[in-house]
Each structure stands twice: as C-alpha cells, then as structure tokens.
Amino acid sequence: MAIEKRARFQSSWLPYALIMPQLLITLVFFFWPAGQALYQSLLVQDAFGARTEFVWFENFVTLFHDENYLSSFKVTAIFSLLVAGIGLAVSLVLAAFADRVFRAATAYKTLLIVPYAVAPAIAAVLWLFLFNPTLGILAHWMHGWGVDWDPLLNGTHALIMVVIAAVWKQISYNFLFFLAGLQSIPKSLIEAAAIDGAGPVKRFATIVFPLLSPTTFFLLVVNIIYAFIETFAIIDAATSGGPSKATEILVYKIYADGFKGLDLGGSAAQSVVLMAILILLTVIQFRYVERKVQY
Amino acid sequence: MATSLPEPATSPPRLPFLVRMNLIPRAWQRGTREGMIENRPLLTFVSHLALVIGVAIVAFPIYITFVASSLAPDEVLQSPMPMLPGSHLIENYRQVISQGTTSANVASAPVGRMMWNSLVTALLIACGKIAISLLSAFAIVYFRFRFRALAFWMIFVTLMLPVEVRILPTYKVVSDLNMLDTYAGLTIPLIASATATFLFRQFFLTIPDELAEAARIDGAGPLRFFWDVVVPLSRPNIAALFVILFIYGWNQYLWPLLVTTDESMYTTVIGIKRMIAGGEAATEWNLVMATAMLAMLPPALVVLLMQKWFVKGLVDSEK
C-alpha cells in the first residue's frame, strides 16, 4: 500500500483547519494532563495543597521502597497472567471446536459474542451477585460442596472472582480473533496432513497451533493490556481493591491513592510508571506482531 | 461495497499479520468451510458438547440476572434464589425506569433518565470521534503542510495512554474548564483518540489516486471531493466504527464516575455502581438486576443487529 498519495490538493489554510479539532482536543485533554502528571511526579505536596516542594525523583524512590506498591505489582502480575492465560486457553478451545462444526455454528458464535457488549462494571455486578456469600447462587452451590466461599472477606476468593469476571468479558474478543485466525489457515495444509495420516489432535498441535502463533501473540499482548487497564471498572465495582488490598492492581492504586488518599505526587509517579509499561507493551505489539512472529 | 483492502493476490500465509486479520469479515460471512476434511462423528459430537457447555457458561450470568430482575424483593433474597422467572418482571422494570431504586437508603434517579444520559454520551462520543477523525485523516492523507509529520505523531501517541493512567490531571483540566456534570465534560475528553484517525488514514490510502485527479480536473475543490467522494466511500468503515464506538461510549465507567456528581447526569453504568455502594442489607437486588438488564440491552442489540459491522469494526479498529 502506498504510504503517500500522488494526487494532492493545495491550500495554505485548509489542512490546518481540518486537523485543528482533533489537535486541539488532544493538546488540552491529553498532552497537557500527561505533562502535568510528569511534573507532579517530581513534586511533594501536602494533602491540602498549601505547600509544594520539588523533589526530583524522590517520589519514585519512595514508590519502589513501598511495600504496598510492590505487592500491588505482584497482584497485577498474577491477575494479568491469569486473565490472559485462562482467557486465551478457553477461547482457543471454543474457537477450535466452532471452526469444526456446521450445524448451529452461527447460533454458537452469536451467543459467544454477547459478553463483548456488556460493560466491565456490569460484568462485575453480575458476578458479584452470583458469588455473593449470602444470596449468590454460585456461592450457595460452593457452600454445599463444603467450600467456605466469601469473596468479601477472603482475598484469594476475591481475586478468583475478578479474574472470572474479567475473563468472561474478554472471551468474545479472543474467540472472534482465534476463529478468524483458524479460518485463514489454508485448508490444503490440513488436508495434506490428514492424507498423511495425522489425526485431529496431532494436526492441531503440529500445524494449526504453530500457524496460529501470530494471532496468539497479538491476543496475548492485547489481553495483558486489557488486564492492566480496562479491568479498572471490574475491580472498582466488584471489590474496590479489597479485601485488604488483595485485588488492588496498579491502575486501581493510582486512583485510590490520588482520589481517595490525596497523595498527588505518589499517584502521579505511579501514573508515569504505568505509562512507561504501556508504551513498552504497545511498542512490543507493533514491532513483534508485525515482523518477528511469522511463519 | 468498498472493502478496506484489496483482495489478497498472494497466498494468505505470506501476507503481513494485520492484513490477514483484515480478511476476517469475509471469513466470518463464509461461516463454515466448504466440505469437511474427514468424517468423525464422535469428534463432531464432542465439539457440539463443548460448545453447548461453553455457551451455557457464558450465558449463565445473563440468565440469572434476567431471572433476578423478575422476582419480588423477598424472593431474590432467598438462598438459593428461584431458577425460573418470577411474576414481577413488568412491575420491576416499570419501577426502575420511572422512579429508580431506593437502594442504600438513597433514592436514585429514574433509570429512564440514566439511559437517556448513556445514549447521549454514547452517540456524542461515537459521532464526535468519527467526525474529527474523518477530517484529520483527510488532511493528513490529501495535503502536504508544515508540521504534518508532527501532527500525525502527536495523534499517534494518544494510542498508548488511555484516560485511566492520567486520571487526576485530566480531571483537573475538565474541572478548571467548568465542564463537570455536563455532556461536554463527559464526552469531549474521550473523543481525543487516535484509533479512528488511523483507521480512516489507512482506508484513504487505498482510494485510487485517479478519483482525486478526476475531481481536480472537473474543478472540484478538496471539500467537495471530501463530501462527494471520500465520505460516501467510507460508509462501511463509518458503520463498523460506529458500532464499536457506541459500545465504548455506552460502557464508559471511570470517566463518568469522576465527572458526574449530580444524580441527573449519571449514566446507567454509574447508576448501578451507586445502587450497590450501600452494602449488603440495603441493596434491592431485583431492581439492581433490572437496571443491569437495561444497561446491557442497547449495546447487546447493537452488536447482534449489526453483527457484520461489529466484527469488521472490531478487527479494523485494532490498531
């Protein structure tokens, strides 16, 4: 595809006028706040905003010596690996089966894409209701099996609950991309392997799965970014980071420290760290997905 | 219908990744493959079984929500709650839409009002993004001007930093501009994003140069060309993007949570969060669940009714 157009229009003012709305919004609501976050992260301010001091990188040093912050990193790592791992595995299995069947295929697909339309916060409320220790139906069953289920008090249970809600919400997306990946694999390759006597499992392991690696890698990065950022609503609506910070992921901690704790410098420093992680992930996505994972 | 990319000329595996991903809409429409490789009844049975179980698990929370939304207040508090719909369906929905709930001992705004707010927000975000992106992509593709590369990169960088990581300073800007509790404050900061601009740029690059040349020879100016040629050609992309952005706007959480303090400006998603904030005892779950159903309905309808556009939009907008 051409990167540049041959045919162009000439005007000394029109292009600026056309691009102005977007640039203006970007400057006011994006660059200005992002700059503020960078600047804030180098300041220490008391809770009432009366006194401000420029402290260079002290906020970052404090941050990485802060037990709570480090444990939030750990929670984020566990959470995002679980969300990405389980989400990809479940969706791949469903997509592989959906790729095989003829009958009712459309019905399966249609039903599986519905969770995409559900807001993360609503997904959280749904699962919170199902897992509610006093009236939730799933909690009731688990009590029946002898599990002392209480996500409102038990940190591990709370983490399991938000992982399930996050995976449920993301299944549609992963499923669609896996299905498309599967359908773009040339059928002749599979047929050749079948003629050579390879069974369905062997074909999947040695042909389909390796050919699917670009899709898988792409989805892995997208899912990790999803778990890092977009699950904010799930965490806030379902657990508010609790009980005792067991589900406090990085993005939630920025909000909790900044808006509830009023630690502006610390919150800004956390924002900067998370921005750096995100930029890194996005760069990896662009570089590797396009070039390295080829077959 | 214009497609976003030309038919693949080479064999599929050699195409770059994202180009191949662009073939999804067609793969999707094809639905099934022509002819199975071999007939294995057992494997087919297992496939259907796995899919039925998968669909059942995925649909289960929505079914329970529906059942809960049709129960009387004391029925929903039973443990276990009934698994079949009750008789209070219409009553519950009528109450939340016109009066809201009194959960957490605080009367909420009527959900009808919240849904109106959600609708306005979603439409403003979707249409706003599409409009400013069409214009800026047109400028970037069809003109040479100073700072073009700079402008492009400034827009591009916004891809990487969602509002969640710069909440506080963005909130401060909106508050300084007196935009709290307004539709402008709810929507304009979210309109600044590069995804749509990028998508339109990619698409404009595939429009044959001959069209622009012909337009020029016929004496049509850039704006005329934009309106009479570029916008009509972009219709499939606009439709696909609209579906994705409508859902994105309707489902917004963090931003409306921060900028709305006035009940009458709450969106539906925020309204539900406020309803359950009072904790256990005070929550009227049957009404909360009716509100949840109402919050899910519009985006679900958009996805289901515009499925083809939805899938295209999902794939296209993925950077």
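Computed from the coordinates by the stated procedures, all read-outs in this text should not be read as laboratory data. What you see is a predicted model, and the numbers here were worked out from it, not measured in a lab. All Cβ positions, even for glycine, are placed from backbone atoms using ideal geometry, and neighbour counts span all protein chains on display.
General remarks:
- For B:Val302, B:Val174, order by how many other beta-carbon atoms lie within 10 Å, fewest first: B:Val302, B:Val174
- Helical runs (DSSP H, four residues minimum) scored at -39500 (n - 2.57) apiece and divided by the length of the protein assembly as shown put the mean residue ellipticity at 222 nm at -19500 deg cm²/dmol.
- Computed on chain A, with alpha-carbon pairs under 8 angstrom and 6+ residues apart, the relative contact order is 27 percent.
- Burial order of peptide ranges A:59-66, B:116-123 (average beta-carbon count within 10 Å, highest first): B:116-123, A:59-66
- Shape class for region A:1-128, computed from the alpha carbon gyration tensor (a ≥ b ≥ c): oblate, with a/c not under 1.5 and a/b at or below b/c.
- Ranked A:Phe54, A:Phe178, criterion: other C-beta atoms within 10 Å, fewest first: A:Phe54, A:Phe178
- Cβ neighbours within 10 Å from other chains - mean over B:246-252: 3
- Rounded to the nearest 0.05, the FRET efficiency derived from the C-beta distance between B:Ala239 and B:Trp116 at R0 = 22 Å is 0.40.
- Shielding of B:169-175 by partner chains, average beta-carbon count, 10 Å: 6
- Reach of A:Lys202 by Cα under 18 Å, taken over lysines that are not fewer than 8 positions away in the same chain: A:Lys187
- Peptide B:62-69 has a mean of 3 when you count, residue by residue, the C-beta atoms of other protein chains within 10 Å of its C-beta.
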